[in-house]
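Beneath this line is the structure, given in structure tokens, with notes to follow.
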Amino acid sequence: MFAYIKGTLEMKLNDSVIVETNGVGYKIFMAQNAIEKAGNIGEIVKIHTHYHVREDNISLYGFLSSEELMMFELLISVSGIGAKSALTILANIEPHNFALAIITNDEARLTKIPGLGKKTVARLIIELRDKMKKIDIDEVVGEENAPVFEANDNIQEAISALQVLGYNKKEIEKALGKENIASLSVEDIIRKGLTILSRD
């Protein structure tokens, strides 16, 4: 319903911020680290939002980047992960590191996040890798997808991680196609990809 809200940052609370736009104050729940980085009181801020509807509650959840929003929406699509749990996860790991952990089955890294036990981590990896595979299938419809570059193992892994964050393979390859990335690490390729993809 709301892609983002842009307005004056009026207040910072323990679990949320108040942003005023056109005379309306919106209470937006955010991760603690995101609240700290959101800006100073009185500044104009832009918060990416998720409109969360439950039988007994309607809330707005906010994020400083579209990647954080995509990660949140992926997380709450997993059985057993609620909005508050998703915010806790967001507060403890960057989106590209989360995607990399999912792609590489890095259970050790994910179980260090508060509130994530081994069973939950295993479920996260299984369900989100399945979603990534579906993206792979859906995006190759009706046109030839000749690779834009020679993709080594690191590039393939980075592309998969970016797909977990909601980008499709074609736009990722287009973004990375003109970059000299053959010698970069997986994390550096992901960072470069996110920088290019989030420019729009």
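The values are calculated or read from the model by the stated rules, or taken from the named source; none is laboratory data. Everything numeric here is computed off the predicted structure, so don't read it as measured data. Cβ placement follows ideal geometry from the backbone for every residue including glycine, while neighbour counts extend to all protein chains displayed. For the accessible areas, the whole protein counts, side chains as well, though only heavy atoms, and no ligand, DNA or RNA atoms are used. Shrake-Rupley method; radii C 1.70, N 1.55, O 1.52, S 1.80 Å.
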Test: residue in the range 137-144 that is out of contact with any strand residue (DSSP E or B) (no Cβ under 9 Å at 6 or more places or on another chain), modelled with pLDDT of 85 or more and part of a helix (DSSP H, G or I) | no
Scan the range 79-105 for residues that are in a loop (DSSP other than H, G, I, E, B), in contact with a helix residue (DSSP H, G or I) (Cβ under 8 Å, 6 or more places away or on another chain) and at pLDDT below 90 and jot them down.
-> SER79, GLY80, THR104, ASN105
Identify, please: which residue in the range 1-59 is open to solvent by less than 20 Å² (accessible area, probe 1.4 Å) and in a loop (DSSP other than H, G, I, E, B) and is, among those, farthest from SER77 (Cα to Cα)?
-> GLY39
Pairs with Cβ under 8 Å, 6+ apart, first in the range 170-191 and open to solvent by less than 50 Å² (accessible area, probe 1.4 Å), second basic (Lys, Arg) = LEU176/LYS192; ILE181/LYS192; LEU184/LYS192
In the set ILE41, ILE47, ILE28, the lone residue that is within 30 Å of ARG129 (Cβ to Cβ), among the β-branched types (Val, Ile, Thr) and either in contact (Cβ under 8 Å) with a residue 24 or more places away in the chain or touching a Gly at 6+ places or on another chain (Cβ under 7 Å) (or both) is ILE47
SER59 fails exactly one of (1) modelled with pLDDT of 90 or more; (2) out of contact with any strand residue (DSSP E or B) (no Cβ under 6 Å at 6 or more places or on another chain), namely (2)
Regarding ILE159, is this residue in contact with a Lys or Arg (Cβ under 9 Å, 6 or more places away or on another chain) and assigned to a loop (DSSP other than H, G, I, E, B)?
-> no
